[in-house]
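Shown next, in structure tokens, is the structure this report addresses.
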Amino acid sequence: MPSRIDATFARCRAEGRAALVTYVMAGDPDPETSLKVLEALPRAGADIVEFGLPFTDPMADGPAIQAAGLRALKGGQGVARTLELVTRFRAGNADTPVILMGYYNPIHTYGVDRFLDDAVAAGIDGLIVVDLPPEEDEELCLPALAKGLAFIRLATPTTDDARLPAVLANTAGFVYYVSITGITGTATPDFGRVAEAVSRIGRHTDLPVVVGFGVKTGAHAAAIAKGADGVVVGSALVDALHRSLDGEGRAQGGTVEAVAGLVRELAAGVRTAERPAERRR
């Protein structure tokens, strides 16, 4: 049986399009609203969802995601509560891949073996842990792979051909190409250079290559989707959620729709992008 991630990319290829990958922070602005947002993402057109694991000291997150993490932590969100939300999500959605994205410290504190067992039981499909380089694969990557969880690695504009083999060695599911140098949500990528980078990475791996950081609109998503296997959007969705909150940071009636409406725009961009034949195969 193919994994949910593999099946999703196969379906998108059959439809001649890139996948839309959406990121939101677990527990933002509160657990119940967070679950409703998570459930709304696939209905609005997301193919894969990344669920952020809040952490006090992020290194790659821009202001929007940092603030979302702090809102979630203030409400008591942690590893156990995040896995509980995924378990509840799985009760109504057995098909959409869920990738947990965050940092190693909360996982290490929770306990690696316990975390991996609980993640599998909750229905997690893969992990993105941005502060564990390939040299630390024995810490989490290899145990995760042994449990059937994809360990998704980041490649960046500074990852040259000499470094790529180490980055890709134990990567599974897909490769996440960071389209800018810097933190999330702070710049717009050079779409031409992104396509060149995706092609370069593709010469080293058969895995799908998805592109994130800096994608904010349906037009951006369409531009990336022309040359990549997937498009990741995070900060723009977190911003949309934040703008919907009241003055006390609480969800309002339009909070879920604020996120879902942007996802529909992004999904339309991905689905209407004209792609070269080599990317449709």
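The values are calculated or read from the model by the stated rules, or taken from the named source; none is laboratory data. In this text the structure is predicted, and so the values were computed from the model without any measurement. Cβ: placed from backbone, ideal geometry, glycine included. Neighbour counts: every protein chain shown. Just the protein is used for accessible areas: all its heavy atoms, side chains included, with ligands, DNA and RNA removed. Shrake-Rupley method; radii C 1.70, N 1.55, O 1.52, S 1.80 Å.
Here is how the numbers come out for the structure above:
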{"quantity": "Some residue of segment 50-63 being hydrophobic (A, V, I, L, M, F, W, C), closer than 16 Å to Val232 by Cβ and at pLDDT below 95", "calculated": "yes"}
{"quantity": "Identity of the residue in segment 227-281, touching a Gly at 6+ places or on another chain (Cβ under 8 Å) and part of a loop (DSSP other than H, G, I, E, B), that ends up modelled with the lowest pLDDT", "calculated": "Pro276"}
{"quantity": "Failed condition for Asp161, given (1) over 18 Å from the mean Cα position of the chain (by Cα); (2) modelled with pLDDT of 95 or more; (3) assigned to a loop (DSSP other than H, G, I, E, B)", "calculated": "(2)"}
{"quantity": "Within segment 75-96, tally of residues that are part of a loop (DSSP other than H, G, I, E, B) and either more than 23 Å from Glu139 (Cβ to Cβ) or in contact with a Leu (Cβ under 7 Å, 6 or more places away or on another chain) (or both)", "calculated": "9"}
{"quantity": "Residues within segment 47-77 that are under 18 Å from the mean Cα position of the chain (by Cα) and over 30 Å from Arg17 (Cα atoms), tallied", "calculated": "10"}
{"quantity": "Qualifying residue in segment 120-128 (condition: within 18 Å of the chain's Cα centre (by Cα), crowded, with 21+ Cβ neighbours inside 10 Å and part of a helix (DSSP H, G or I))", "calculated": "no"}
{"quantity": "Residue within segment 50-62 that is assigned to a helix (DSSP H, G or I) and surrounded by fewer than 21 Cβ atoms within 10 Å (Cβ to Cβ) present", "calculated": "no"}
{"quantity": "Enumeration of residues in segment 63-74 that are open to solvent by 10 Å² or more (accessible area, probe 1.4 Å), more than 21 Å from Tyr176 (Cα to Cα) and either of a type in the set (Gly, Ala, Ser) or not in a helix (DSSP H, G or I) (or both)", "calculated": "Ala67"}
{"quantity": "Close pairs from segment 152-177: first closer than 17 Å to Val231 by Cβ and touching a residue at least 60 places away in the same chain (Cβ under 8 Å), partner surrounded by fewer than 23 Cβ atoms within 10 Å (Cβ to Cβ) and among the charged types (D, E, K, R), Cβ under 8 Å, at least 6 apart", "calculated": "Gly173/Asp6"}
{"quantity": "Residues that are in a helix (DSSP H, G or I) and open to solvent by 20 Å² or more (accessible area, probe 1.4 Å), drawn from segment 1-32", "calculated": "Arg4, Asp6, Ala7, Ala10, Arg11, Arg13, Ala14, Pro31, Glu32"}
{"quantity": "Residues satisfying the stated conditions in segment 146-155, i.e. surrounded by fewer than 18 Cβ atoms within 10 Å (Cβ to Cβ) and of a type outside the set (D, E, K, R)", "calculated": "Ala146, Gly148"}
{"quantity": "Residue within segment 1-17 that is under 23 Å from Ser235 (Cβ atoms), touching a residue at least 40 places away in the same chain (Cβ under 8 Å) and in contact with a Phe, Trp or Tyr (Cβ under 6 Å, 6 or more places away or on another chain) present", "calculated": "no"}
{"quantity": "Members of segment 39-49 found to be in contact (Cβ under 8 Å) with a residue 60 or more places away in the chain, open to solvent by less than 20 Å² (accessible area, probe 1.4 Å) and not small (Gly, Ala, Ser), listed by number", "calculated": "Leu41, Asp47, Ile48"}
{"quantity": "Qualifying residue in segment 174-189 (condition: in contact with a helix residue (DSSP H, G or I) (Cβ under 8 Å, 6 or more places away or on another chain), more than 22 Å from Ala68 (Cβ to Cβ) and at pLDDT 95 or above)", "calculated": "yes"}
{"quantity": "Inter-residue pairs, beta-carbon under 8 Å, first in contact (Cβ under 8 Å) with a residue 40 or more places away in the chain and among the acidic types (Asp, Glu) and in segment 99-127, second open to solvent by 10 Å² or more (accessible area, probe 1.4 Å) and part of a helix (DSSP H, G or I), 6+ apart", "calculated": "Asp125/Arg4"}
